[in-house]
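Below: one structure, written as structure tokens.
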Amino acid sequence: MNDTPSGDRQSSGAASAGGEWWRADRLAEKLPRLRARNRAAAGMREWFSAHDFVEVETPALQISPGLEPQLRAFATRLFEPFEENGQTLYLHTSPEFAMKKLLAGGMERIFQLSRVWRNAERSALHHPEFTMLEWYRARAGWRDIASDCEALVHDVAGKGGLLHRDGKTCDPTRNWEFLSVADAFCRDANIDLMESLSDPAAPDRDVLAEAAKRESIRIADSDGWDDIFHRIMLERVEPSLGGVVPTVLHSWPAPLASLARIDPADCRLAERFEVYACGVELANGFGELTDPAEQRRRFEADIERKKSLTGEVYPIDEEFLSALGSMPESAGIALGFDRLVMLLTGAPTIDDVLWAPVTGS
């Protein structure tokens, strides 16, 4: 789930890690949700086992933490015995690179409940350290993985299980809604997104900006096309998604393809989808890109974008690019486990479903 998530990443109303979280009265208040968390994790493992997936464990320390421009990583130094200088490594923002190397090595169906780290993220929906459920299938497409997600969440929620958030209720046991990004923009924001994508290599910022202004969406002169896109998403589109049943928001613009394949039927779009429930992004999935040269081009563009945004530069994992050339056609997805537990239990913040928060003291 490596792309821009719903909600303000650094909101002043963020759920901060309060002191004495370990007090008996506070733990007692959280315990029903924490037990639900354990049941959800156990249920997921049972579902994957029943569907011939192998659980894997990959290192959290990586050469590259993930190169999405909006993500910031935690860095550390690795010293081998008798080594003086050491090497900079990063806590991964997703286990994606390592898991795809396993696909390149011949694994067919793999999953991982992984701890991941993202710096400068704390809000009701974000935490610096959280749990991500990630799974991949070789020789599968994005719709196969979306169907997996629907079946898994249905199974974990149980018969009659509902998801809750801010007065909204969503039923994951009914058939999910499949909606393209372009259709969502038209329905919820009255904007023709495709007008700005006549050249997917250079989306038209001014066309999208004018459309946003007509709908009274605030635009800054410094905003790029992607900034405007995400503001429309946040203000107009996301709140309506997953309001009755979960929404699979698919066919994302090619400039936001990340590690996804371009749609062979329309080069303006990518084989990417996100799952929403109660207006909350739960999962991000791809028909996976397997072209090392194209992936390098995207990585280099992301590095330049990150440098302009934060001044930080993370290295490319050359071993990953080498493995990518051996990876079969595949599909994968990352699901925010803590967020799902929040919705299953009706918890107001992510801290309410964590056994212990990350604290600064």
- Message: I'd like the full set of residues that are crowded, with 20+ Cβ neighbours inside 10 Å and farther than 22 Å from Phe111 by Cα, limited to region 312-342.
- Response: Tyr314
- Message: Give all pairs with beta carbons closer than 8 Å in which a residue from region 235-263 that is within 19 Å of Leu335 (Cβ to Cβ) meets a residue that is surrounded by fewer than 19 Cβ atoms within 10 Å (Cβ to Cβ) and hydrophobic (A, V, I, L, M, F, W, C); count only pairs at least 6 apart in sequence or on separate chains.
- Response: Thr247/Phe178; Val248/Phe178; His250/Phe178
- Note on the structure: Taking region 62-78 and keeping only residues that are crowded, with 19+ Cβ neighbours inside 10 Å and of a type in the set (A, V, I, L, M), one is left with Leu67, Leu71, Ala73
- Select from region 139-176 the residues that are small (Gly, Ala, Ser), modelled with pLDDT of 95 or more and surrounded by fewer than 19 Cβ atoms within 10 Å (Cβ to Cβ) and list them in ascending order. Gly141, Ser147, Ala151
- Counting only residues in region 79-98 that are more than 20 Å from the chain's Cα centre (by Cα) and under 18 Å from Ile316 (Cβ atoms), the one surrounded by the most Cβ atoms within 10 Å (Cβ to Cβ) is identified as Leu89
- Message: Residue under question is Ser322, and the condition is that it be at pLDDT 95 or above, more than 18 Å from the chain's Cα centre (by Cα) and in a helix (DSSP H, G or I); does it hold?
- Response: yes
- Query: Residues Pro69, Pro32, Pro59: which one is within 22 Å of the chain's Cα centre (by Cα), modelled with pLDDT of 95 or more and either within 30 Å of Pro348 (Cβ to Cβ) or in a loop (DSSP other than H, G, I, E, B) (or both)?
  - Reply: Pro59
- Task: Exactly one condition in (1) at pLDDT 95 or above; (2) surrounded by fewer than 23 Cβ atoms within 10 Å (Cβ to Cβ) is not met by Ala257; state its number.
- Result: (1)
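The values are calculated or read from the model by the stated rules, or taken from the named source; none is laboratory data. A quick note: this is a predicted structure, and the numbers were derived from the prediction, not measured. Every residue, glycine among them, receives a Cβ derived from its backbone with ideal geometry; neighbour counts consider all protein chains shown.
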